[in-house]
1. Hey, can you rank 86-93, 100-107 by average C-beta count inside 10 Å, highest first?
2. Looking at the chain as a GNM with Cα springs under 10 Å, which of Glu29, Glu51, Glu74 has the largest mean-square fluctuation?
3. How large is log10 I(q)/I(0) at q = 0.12, 0.15 Å⁻¹ when the Debye formula is applied to the Cα atoms of the chain, each weighted equally and without solvent?
4. Among Ile62, Ile81, Ile38, which one shows the highest mean-square fluctuation when the chain is modelled as a Gaussian network with alpha-carbon springs under 10 Å?
5. Leaving ligands and nucleic acids out of the surface, order Arg39, Arg84 by accessible area at 1.4 Å, largest first.
6. Could you report the chain's accessible area per residue, 1.4 Å probe, as an integer in Å²?
7. With a 1.4 Å probe and all protein chains kept in place, how much accessible area does Leu75 have, in Å² rounded to the nearest 10?
Amino acid sequence: MNHKELDVWKKSMDLVESIYQHSSLFPNEEKFGLISQIRRAAVSIPSNIAEGAGRKGDKEFIQFLYIGLSSLTELDTQYMIAVRLQYILKNEELELLIKDVKKLLLGFIKYLNSKK
């Protein structure tokens with residue numbers, strides 16, 4: 001399966017781009033703190049989708065999708081921390097993107113599980 005054709009991968013790549021744009025607004029002293037963490041979590045999502053797609057079977061693929069889902073949850077928490085610390089304003093577009101990626105990940109996991 002080519003990961004570049006998957007909607008969940010494409011949408012998670014959009015999320016990475018958005019996170020990089022928003023985190024560039026964080027204070028400079030967060031360069032090695034929250035900026036680094038939130039970007040790593042964001043990059044982890046499409047990376048795990050791609051790695052899972054390159055594996056032999058659906059069972060391994062599902063495992064990597066769950067890792068991507070964990071990274072998404074981590075990213076969501078870091079986003080909320082950034083808002084609470086007033087590094088960025090609450091952003092409905094970004095929140096919708098996070099929700100969409102979560103829905104797509106859960107839907108794809110459900111689909112792959114149903115093939116068994």
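1. On the way: 86-93: 11.4, 100-107: 17.4.
Packing proxy ranking, top to bottom: 100-107, 86-93.
2. Glu29
3. Each listed q corresponds, in turn, to -0.42, -0.62.
4. Per the Cα network of the chain with a 10 Å cutoff, Ile81 tops the list.
5. Working: Arg39 60, Arg84 205 Å².
So the residues, ranked largest to smallest area, are Arg84, Arg39.
6. Values: 7180 Å² over 116 residues.
So the chain comes to 62 Å² accessible per residue, rounded to a whole number.
7. Rounded to the nearest 10, that gives 0 Å².
The values are calculated or read from the model by the stated rules, or taken from the named source; none is laboratory data. Computed from a prediction, not measured in an experiment: that's the story for all the values here. Cβ: placed from backbone, ideal geometry, glycine included. Neighbour counts: every protein chain shown. To get the accessible areas, we keep the full protein, side chains included, count just its heavy atoms, and leave off ligands, DNA and RNA. Shrake-Rupley method; radii C 1.70, N 1.55, O 1.52, S 1.80 Å.
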